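Down below is the structure, laid out as structure tokens.
The values are calculated or read from the model by the stated rules, or taken from the named source; none is laboratory data. Being a predicted model, the structure only gives us computed values, none of them experimental. Virtual Cβ from ideal backbone geometry, glycine too; neighbours counted across all protein chains shown. The accessibility values were calculated without ligands, DNA or RNA, using every heavy atom of the protein model including side chains. Shrake-Rupley method; radii C 1.70, N 1.55, O 1.52, S 1.80 Å.
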Amino acid sequence: MTIALIGFMGCGKSSVASLLAQELGCFYFDLDDTIEMEEGRSISEIFQEDGEGAFRAMELEYLDRIISDYKDFPTTMILSLGGGTILQPHCAQLIKENATCIYLKASVKQLVENLNIVGTDNRPLLKEAENLEEKVSQMLAQREECYTKNADIILDIDGLSPQEIAERIAEQL
Ligand code: S3P
């Protein structure tokens, strides 16, 4: 079984993936971390040097690779996707065919609060925003339908800690 976590930047996918893996006693992959490790560059460097199109191609390539490598693995795998991964139809198709998809749904207010804590330095689509709240609000409005459409489970996470989110997910599986 593969569980994919989706949602906007700053919703906590990576922290929740790690805690959920602990909770379920299984392992997890963070797609952005995998790309950074394999490419030997940060997400920001990849965007800067090769452009967003190249990064999107990498997302598909590494997602496909992780899914094929672990398809027949006997234990559960948690997969934390980037905030834009599921917007690519080929990635969405791979997730639909191979994973239970959970959307960590947060309000603009909660996302901005989280992003102000974790920072936007390695988030090229946000780091130059003059007004973070406006930018998040505008991007979320464009993406919300896609997140919802691709989710098997939608979890409202406002006010919940990553640990509480992981526990709620574990209860629903
Ligand atoms: C992106 C989200 C980022 C990262 C890249 C693009 C997006 O991941 O993949 O900067 O398009 O939403 P996080 O959601 O982990 O920040």
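Data overview
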read-out	value
Residue in region 97-106 that is within 30 Å of GLY51 (Cβ to Cβ), in a helix (DSSP H, G or I) and under 17 Å from the mean Cα position of the chain (by Cα) present	yes
Extreme residue, least open to solvent (accessible area, probe 1.4 Å), among residues of region 31-45 that are in a helix (DSSP H, G or I) and over 26 Å from GLN110 (Cα atoms)	ILE35
Single match in LEU155, LEU160 (criterion: assigned to a loop (DSSP other than H, G, I, E, B) and either of a type in the set (Gly, Ala, Ser) or within 20 Å of ALA21 (Cβ to Cβ) (or both))	LEU160
In region 149-173, the residues that are under 22 Å from PRO89 (Cβ atoms) and open to solvent by less than 60 Å² (accessible area, probe 1.4 Å)	ASN150, ALA151, ILE153
Meets criteria (touching a residue at least 60 places away in the same chain (Cβ under 8 Å), of a type in the set (Asp, Glu) and open to solvent by 70 Å² or more (accessible area, probe 1.4 Å)) for ASP69	no
Members of region 57-85 that are polar (S, T, N, Q) and in a loop (DSSP other than H, G, I, E, B)	THR75, THR76
Criterion (within 14 Å of SER107 (Cα to Cα) and among the acidic types (Asp, Glu)) met by exactly one of GLU164, GLU128, GLU144	GLU144
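Results for (1) away from the ligand (no atom under 13 Å from the Cβ); (2) assigned to a helix (DSSP H, G or I), shown as yes or no for each residue.
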| position | (1), (2) |
| --- | --- |
| ILE3 | yes, no |
| SER15 | no, yes |
| PHE29 | no, no |
| PHE47 | no, yes |
